[in-house]
Amino acid sequence: MTIIPSTAEDKKNRKPNSRQNISARETEFDTGFENSIRPKTLNDYTGQSQLKETLKISLDASKQRGEPLDHLLMYGPPGLGKTTLASVIANEMGVNIKITSAPALERPRDIIGILMTVKTGEVLFIDEIHRLNKVAEEILYPSMEDFSIDRTIGKGQSTKTLRVPIPKFTLVGATTRAGSLSGPLRDRFGIIYRLEFYTPEELTFIVKRTASILGAKITEEGAVSIASRSRGTPRIANRLLKRVRDYALVKADGVITEDVAVKALDLLKVDHFGLDNTDRNLLKLIIEKYDGGPVGIDTISAALGEDPGTIEDVYEPYLLQMGLIARTPRGRKISPAGYKHMGYKIPSLQQGFFG
């Protein structure tokens, strides 16, 4: 597996967000930990059953034909396993994978350099593919369709465009914003699939599997408690497990029981819905400052000091999934369930609005 790092300029320009805080969504990426718990095959991969079934058929067909898998686009909230699935695809095909992200491909030579080094059948994984600039997109078009790169040589009147063939490969794109992709780029993917939030049962299995890999002792009830507060997201479940494991080691006898898990998660201020301080502050803001909404995303962003993209990509999907907020033409609005969860009385107008 090859990981192509972001440029220094890209890292400098990235905006910090609250996921960098100690919370259920901390993003201090422990590469060794993540790699150690990632499944290697589709059979080991938990969840996303429909996608797995589709992928298995496509993978088997590709191997029988002796051809690379068709280009694949995966979209959905962060932490649902897009990078892991890309690695599984490469393992199933018996090829290497090159991993990069769209913000790192700022100049034409960045994307051309990667494409020129791709070997036959390899998987090229581009995260945050919706952030590709126009030049990089246009370079990708012929490479995805005809497996070639258009290169310009010479200057002035002697300028010529040469089409250089490259080996056939599989591009796997991942995005949290499928709607931000241009039509021409999206249409070049043969397989497009939305990753769904995981069920509590699936997350419980993942928590127990990760605990086994970490050598942590955990009861069924302890695993269920962690899974229930993981926002339907495996990455969050694994992060919470690490924090609960530390608590169990220091404050208990090292065994993660239901009681230990609840106390540890309460200490982390992760409630029984999986909401952390930022989630609750968002709901409280709309209720107290804007009478339950509707209120625009830019207003929420300014009031919370959060980037609008972070709110839309990280916080909102789960709040919408749980029915705590709703999107209306005029902005975000708290639902009766949101009022109830936050311990506020439901206004009569809100009851009428949501029926």
Task: Matching residues in the stretch 194-216 - criterion: being part of a loop (DSSP other than H, G, I, E, B), in contact with a helix residue (DSSP H, G or I) (Cβ under 8 Å, 6 or more places away or on another chain) and of a type outside the set (S, T, Y) - done: L195, F197, A216
TODO: Please work out which one of (1) within 30 Å of L140 (Cβ to Cβ); (2) modelled with pLDDT of 95 or more; (3) β-branched (V, I, T) is the condition T204 fails and give its number.
DONE: (1)
- [ ] Mind telling me which of the residues V244, V255 ends up being surrounded by fewer than 23 Cβ atoms within 10 Å (Cβ to Cβ), farther than 30 Å from T170 by Cα and more than 20 Å from the chain's Cα centre (by Cα)?
- [x] V255
- [ ] Go through (1) buried (at least 23 other Cβ atoms within 10 Å of the Cβ); (2) in the same structural domain as V95 (by TED's automatic domain parsing); (3) assigned to a loop (DSSP other than H, G, I, E, B) and name the single condition S230 misses.
- [x] (2)
Task: Output for the stretch 54-85, where each listed residue is within 29 Å of E316 (Cα to Cα) and in a helix (DSSP H, G or I) - done: T54, L55, K82, T83, T84, L85
TODO: Give me a count of the residues in the stretch 132-148 that are among the charged types (D, E, K, R) and in contact with a Ser or Thr (Cβ under 8 Å, 6 or more places away or on another chain).
DONE: 1
Open item on the list: What's the number of the only condition in (1) under 23 Å from the mean Cα position of the chain (by Cα); (2) within 23 Å of K98 (Cβ to Cβ) that R194 fails to meet?
Closed with: (2)
TODO: State yes or no: is A174 under 20 Å from D110 (Cβ atoms) and not acidic (D, E)?
DONE: yes
Open item on the list: Just the residues that are of a type in the set (G, A, S) and either buried (at least 18 other Cβ atoms within 10 Å of the Cβ) or in contact with a Pro (Cβ under 6 Å, 6 or more places away or on another chain) (or both), please, taken from the stretch 194-227.
Closed with: A211, A216, G222, A223, S225, A227
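The values are calculated or read from the model by the stated rules, or taken from the named source; none is laboratory data. For clarity, every value in this text was computed on a predicted model and none was experimentally measured. Note that we place each Cβ from the backbone using ideal geometry, even for glycine, and neighbour counts take in every protein chain shown.
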